[in-house]
Amino acid sequence: MAQPSTIYRATVQLAHLESNLYLPLQATIARHPSETAERLLARLLAYALFYDPELTFTKGVGAGDEPDLWLTGPDGRVITWIEVGLPDPERLAKAARHSGRVILLACGSALPRWLEQQLPKLESVSNLTVVSLEQTLLTWLTERLQRSICWSLTVTEGCLYLGIGDETLESSYTICCGANPF
């Protein structure tokens, strides 16, 4: 019998100066048994960083043809396709042909090698933006993961200030290619 997904409830007090958003976010996130804690947290960060009231989590790992998050229009067409991790460049190129905009929140221990090898293959994709995260941020978050997630997140000028309880970590993000997604 297959293991069920683990449910996490998240509250993020968001101060996104780049997007002029100041609001509390609440989300319920299912972690597939094959998904790492790091990837789950990257999906939650993507939700907060690229927040839109209509942005939704998809089946993700459980559905190979869907992104991690997306924003769809009233006609069902994908307006924004958001992936996390280090996907195959062909997957991103295909998504870009069928979506208005594609965002990759690139993260993982192999990020430097992925950027060096795969980013040149994606430079011609005009509606793709790649934003990379520092590995130290995800490691720090993974060490503090609980089923009830409560963060304060401030985003400003390439920096993330993420607070959990009385601890705060400053980290940066880099727009590696494409337009500013904020």
Across region 127-162, what is the number of residues that are modelled with pLDDT under 95 and of a type in the set (Gly, Ala, Ser)? 1
Any residue in region 70-79 that is more than 17 Å from the chain's Cα centre (by Cα) and surrounded by 13 or more Cβ atoms within 10 Å (Cβ to Cβ)? no
Within region 88-113, take every residue that is of a type outside the set (Lys, Arg) and out of contact with any strand residue (DSSP E or B) (no Cβ under 7 Å at 6 or more places or on another chain) and give me the one that is surrounded by the most Cβ atoms within 10 Å (Cβ to Cβ). Pro89
Among (1) more than 23 Å from Phe57 (Cβ to Cβ); (2) surrounded by 13 or more Cβ atoms within 10 Å (Cβ to Cβ); (3) at pLDDT below 95, where does Gly178 come up short? (1)
Exclusive hit being at pLDDT below 95, within 23 Å of Arg144 (Cβ to Cβ) and either touching a Cys at 6+ places or on another chain (Cβ under 6 Å) or surrounded by 14 or more Cβ atoms within 10 Å (Cβ to Cβ) (or both), set Ser34, Ser5, Ser19: Ser5
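The values are calculated or read from the model by the stated rules, or taken from the named source; none is laboratory data. A quick note: this is a predicted structure, and the numbers were derived from the prediction, not measured. Note: ideal-geometry Cβ built from the backbone for every residue, glycine included; neighbour counts use all protein chains shown.
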